[in-house]
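The values are calculated or read from the model by the stated rules, or taken from the named source; none is laboratory data. In this text the structure is predicted, and so the values were computed from the model without any measurement. We place every Cβ from the backbone using ideal geometry, glycine too, and count neighbours over all the protein chains shown.
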Amino acid sequence: MNSNGHPAIAVEDLRKAFGDQRVLNGITFQVARGETVAVIGRSGGGKSVLLKLLIRLQLPDSGSIHVADQEVTKVDDRQLNEVRKKIGFLFQQAALYDSLTVEENVAFPLSRHSNMATQEQEKKVRELLGEVGMDQDRAKWPSQISGGMQKRVGLARALALDPEILLFDEPTAGLDPITAEEIGKLIADLKQKHQMSAIVVTHDVHGASAYSDRMLLLHNGNIKAEGSFEDLKSSKDEFVSRFFGYGLR
Ligand SMILES: Nc1ncnc2c1ncn2[C@@H]1O[C@H](COP(=O)(O)OP(=O)(O)OP(=O)(O)O)[C@@H](O)[C@H]1O
Ligand SMILES: [Mg+2]
């Protein structure tokens, strides 16, 4: 809950279809201030669509979405811009700007959306790149670094404006286990230090158990299960426990 008592994110009866393919079938959940929720589910299950709806890159067919106290399906463009400034978003594909260097990518939100002086921006960019272990590569182009490195730069860029809310789409996919664990630690630290609220979409359920407060399992357009890693892995539902690799034991 934030200072006015509202959750950071509240989704109610959210529905989204593409043609006759129903992707989200009326899902309802909340994320409290300072809470990290991991969203898991099968490939093609609608996890990325859910994140895109939260920042109105797509519009739902029905349902309400409150993010940072705004109903994002109803706000005007100016208000939407204000909401987006409070959100750090990491896309599934890191989506760096090819024509900008690593450090320019991270500086981009600062020069565009903050009043920071250039020197201050440079300092902030170095700090952010340090946090994700990319400070050595700051002058490189996106094409000169690996996919995992691009992801880490995307993460640094998502954090540039000290967002209240983080939406991460598979932040650790394609990373080696050590880097993945470091990113997990970074997410946990951010929550501790800055009381950020986060939704992290991931296939790495074990990794997510280390930094998330709660997990949502999305299946066939609904929230099939919700709870801690321990709750879900010992679920009596075979699909749920199988998802965690415990079903056949
Ligand atoms: N713009 C679009 N137009 C049509 N169909 C779409 C669009 N975006 C997503 N879909 C469909 O919606 C479904 C859910 O896609 P989504 O990307 O959310 O899956 P996901 O859970 O993120 O999967 P993964 O784990 O593989 O990333 C898929 O069947 C996909 O083809
Ligand atoms: Mg996805």
Of all residues in region 35-48 being under 12 Å from the mean Cα position of the chain (by Cα) and within 7 Å of ligand 1 (Cβ to nearest atom), which is nearest to Phe89 (Cα to Cα)? Ser48
Working carefully through the options Ala107, Ala32, Ala68, Ala95, find the one that is at positive phi and more than 16 Å from ligand 2 (Cβ to nearest atom). Ala68
Kindly indicate whether any position in region 109-116 is free of Cβ contacts under 8 Å to residues at least 40 places away in the same chain, within 19 Å of the chain's Cα centre (by Cα), assigned to a helix (DSSP H, G or I) and closer than 27 Å to Gln195 by Cβ. no
Out of curiosity, is Lys16 assigned to a strand (DSSP E or B), among the basic types (Lys, Arg) and either within 20 Å of Ala225 (Cα to Cα) or without any contact (Cβ under 8 Å) to a residue 24 or more places away in the chain (or both)? yes
Within region 197-207, can one find any residue that is modelled with pLDDT of 90 or more, surrounded by fewer than 21 Cβ atoms within 10 Å (Cβ to Cβ) and among the β-branched types (Val, Ile, Thr)? yes
What pairs come out if I take residues in region 158-183 that are surrounded by 21 or more Cβ atoms within 10 Å (Cβ to Cβ) and pair them with residues that are among the hydroxyl-bearing types (Ser, Thr, Tyr) whose C-beta lies under 6 Å away, six or more apart or interchain? Ile165/Ser197; Asp169/Ser48; Ile183/Thr172
Mind telling me which of the residues Ile55, Ile27, Ile40 ends up being over 26 Å from Phe243 (Cβ atoms), crowded, with 16+ Cβ neighbours inside 10 Å and within 16 Å of ligand 2 (Cβ to nearest atom)? Ile55
Unique residue being more than 16 Å from the chain's Cα centre (by Cα) and under 25 Å from Lys52 (Cα atoms) when the list is Ala198, Ala225, Ala180: Ala225
Mind checking which residues of region 117-128 are assigned to a helix (DSSP H, G or I) and without any contact (Cβ under 8 Å) to a residue 24 or more places away in the chain? Thr118, Gln119, Glu120, Gln121, Glu122, Lys123, Arg126, Glu127
Yes/no for Gln70 being surrounded by fewer than 19 Cβ atoms within 10 Å (Cβ to Cβ) and either touching a His at 6+ places or on another chain (Cβ under 9 Å) or closer than 17 Å to His113 by Cβ (or both): yes
Can you name the strands (runs of 3 or more DSSP E) wholly within region 21-102 that have at least 2 residues being under 16 Å from Leu217 (Cβ atoms)? 21-31, 36-41
Please work out which residue is farthest from ligand 1 (Cβ to nearest atom), limiting yourself to region 161-186 and to residues that are in a loop (DSSP other than H, G, I, E, B) and of a type in the set (A, V, I, L, M, F, W, C). Leu161
Does any residue in region 76-93 that is closer than 12 Å to Glu164 by Cβ come within less than 7 Å, Cβ to Cβ, of a residue that is of a type in the set (S, T, N, Q) six or more places away or on a different chain, and which pairs are these? Val83/Gln70
